[in-house]
Amino acid sequence: MMQRFKAALLLRRNPHFPRFLNQYRALCSLPDSAVTDELDDQVLVEGKPWSRTAILNRPSVLNALSTAMGARLQKLYTCWENDPDIGFVAMKGSGRAFCAGGDVVTLYHLINTGKMDDCKEFFRTLYTFIYFLGTYLKPNVALLNGITMGGGAGVSIPGMFRVATDKTVFATPETLIGFHPDAGASFYLSRLPGHLGEYLALTGDKLNGSEMIACGLATHYAHTARLPLIEEQLGKLVTDDPSVIETSLEKYSDLVSPDKQSVIKRIEMLDRTFCHDTVEEIIDALESEAGKTNDAWCISALRRFKETSPLSLKVSLKSIREARFQTLDQCLIREYRMSLQGISNQVSRDFCEGVRARMVEKDLAPKWDPPSLERVSEDMVLHYFSRLNEFEPDLELPTKLREAFT
C-alpha cells in the first residue's frame, strides 16, 4: 500500500572544495573516535517522540554530499526503518541550502591524484542510498528550502513528500560541467510532463518552488516563514500513516502557480522543440522558433546550449530517453556506468575541465573535447553506457530484498 502511495505522489552543484585538504590532514592526526565524530557531524540527527530528522550539515559548501554523508544517511535510515518506535523520517539542510549536489570539486582533486577507487566509492554509496530511499518502507519528508541541485534532488525526490518553498532553487546543471544528470535524475526527469525533462537535463535551467509543484517535483509548497510551524507540527505527530502526515503538511501549505514567464507556461513550445531525436534537431527547432517569433525563451535556451559540453548534451539526451522505460534501480545502474566513464577520462576529460573552469579556477572558459556536436561520434556516446572494462563490476543494489520503484 505504501509503495502505491509513494508512486502516486512521486510526480504530483555550486558545491565547492572548502578546506578539504586541511580538514583531511587534521583528521588524519586525530584519534579514530574523533575522526568518526567529525564525519558524523556532516549529518546531524534531531529526535522527536515518533520521528527522526537527518540534517545535512556542511553549510559552508551548501551541504555538498560527501562519501561519509552518504554512508551515514544509509546507516541512519536503515536503523530508523527497523525501529518500531519511529513512524516516519525527515531530511533538511543547514543554512541557505538543502543540498547543492555531490562534492564534485573533491572528486576533481581525487581524479587528478589518481584516487579512482575513492571516486567509485562515492558514487556507489550515494546511488545505493538513493535506491534505498526510493524503496523506503516509512514515510519520508524532505524540506527543500534553498538550493536543491543534482545529488541534493537525488536524496529527496525519490522520497514520499517534498516540501518546496519560496527560496527553493532546483536544477540539474551537470552538462555545464561536462557531466550528465545523475543520482537518479534520469529517472525522475524522464517522468516530467512532456519533454520538460529533456529541457532541464540539457540546459541546466533552474526551477523555483512554484514550478516544482506545477510539474510534480514537489508535493507541497510553503512560504519559508511557515517552515517552523510545519516542523513543530510534524514533531508532534504520533503516526506512520502517510495520509496523516499529508494532512499535516497541507495544513500549512500555500497555493501557488508559476508566473507568466515560466517555462511551465511554455510547455507546448517546449514540446515542439525538445521532442526531436537528436540534439542537433532540437537546436534547429529552437533556432526556427526564435527566427519566427524572436521569443526570449528560445534565445535563452540556445545561449545555454553554447555553454554546455557537446558530448554531455548527447550523452544526457540518450540517458533521459532510455530512462523512460526503466525502473529506478535500472536507471541508477546505468548512471553508475556513465559516471565512471565520465570520471575515467577514457573518452574525454570534459568533467575535469568543466569543474576546473567553473568551480576551481573559475575562468568560465572550458575547452570541451570534442569542441562541437559534429565532432561527437555515436561510438563516443555509446561508450558512456558500457562498463569501464570487462572486469569492472556494475553497481550492486539489493533489488531482491527491496521492491523496485517504477
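Here, each number is a calculation from the coordinates, and none is a lab measurement. As the structure is a computational prediction, the values presented were derived from the model and not from experiment. Neighbour counts are summed over all protein chains in view; Cβ atoms, including those assigned to glycine, are modelled from backbone coordinates with ideal geometry.
State yes or no: is ALA323 over 18 Å from GLY102 (Cβ atoms) and surrounded by 23 or more Cβ atoms within 10 Å (Cβ to Cβ)? Yes, satisfied. Against the test of being among the acidic types (Asp, Glu), in a helix (DSSP H, G or I) and under 26 Å from the mean Cα position of the chain (by Cα), the options ASP271, ASP284, ASP254, ASP277 yield a single qualifying residue, ASP271. Output yes when any residue across the range 114-121 is closer than 30 Å to LEU237 by Cα and not small (Gly, Ala, Ser), and no when none is. No, the range 114-121 contains no residue that is closer than 30 Å to LEU237 by Cα and not small (Gly, Ala, Ser). Taking the conditions (1) in contact with a helix residue (DSSP H, G or I) (Cβ under 7 Å, 6 or more places away or on another chain); (2) aliphatic (A, V, I, L, M); (3) part of a helix (DSSP H, G or I) in turn, VAL347 satisfies each one other than (3).
Of the residues making up the range 368-406, those that are in a loop (DSSP other than H, G, I, E, B), farther than 19 Å from GLU335 by Cα and either in contact with an Asp or Glu (Cβ under 7 Å, 6 or more places away or on another chain) or not hydroxyl-bearing (Ser, Thr, Tyr) (or both) are TRP368, ASP369, PRO370, PRO371, VAL376, LYS400, LEU401, ARG402, GLU403. Entry remark, the range 137-158: residues being in a loop (DSSP other than H, G, I, E, B) and either surrounded by 24 or more Cβ atoms within 10 Å (Cβ to Cβ) or in contact with a Lys or Arg (Cβ under 8 Å, 6 or more places away or on another chain) (or both) number 8 in total. Among the residues that make up the range 389-406, is at least one of them more than 30 Å from THR78 (Cα to Cα) and touching a helix residue (DSSP H, G or I) at 6+ places or on another chain (Cβ under 8 Å)? Within the range 389-406, none of the residues are more than 30 Å from THR78 (Cα to Cα) and touching a helix residue (DSSP H, G or I) at 6+ places or on another chain (Cβ under 8 Å). Here the range 185-201 is the region considered, the condition is being outside any loop (DSSP other than H, G, I, E, B) and aliphatic (A, V, I, L, M), and the residue that is surrounded by the most Cβ atoms within 10 Å (Cβ to Cβ) is ALA201.
Could you tell me whether VAL89 is under 21 Å from THR172 (Cβ atoms) and touching a Lys or Arg at 6+ places or on another chain (Cβ under 9 Å)? The answer is no for VAL89. Restricting attention to the range 364-406, the residues that are out of contact with any Lys or Arg (no Cβ under 9 Å at 6 or more places or on another chain), acidic (Asp, Glu) and loosely packed, with under 12 Cβ neighbours inside 10 Å add up to 3. Would you say THR165 is under 21 Å from PRO59 (Cα atoms), more than 13 Å from the chain's Cα centre (by Cα) and not acidic (Asp, Glu)? It is true that THR165 is under 21 Å from PRO59 (Cα atoms), more than 13 Å from the chain's Cα centre (by Cα) and not acidic (Asp, Glu). Candidates in the range 159-184 are the residues that are crowded, with 24+ Cβ neighbours inside 10 Å and acidic (Asp, Glu); of these, the one that is farthest from LEU328 (Cα to Cα) is GLU174.
Residues checked against (1) surrounded by 19 or more Cβ atoms within 10 Å (Cβ to Cβ); (2) farther than 30 Å from PHE325 by Cα; (3) among the aliphatic types (A, V, I, L, M):
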position: THR203; (1), (2), (3): yes, no, no
position: LEU217; (1), (2), (3): yes, no, yes
position: VAL256; (1), (2), (3): no, yes, yes
position: LYS265; (1), (2), (3): no, no, no
position: THR278; (1), (2), (3): no, no, no
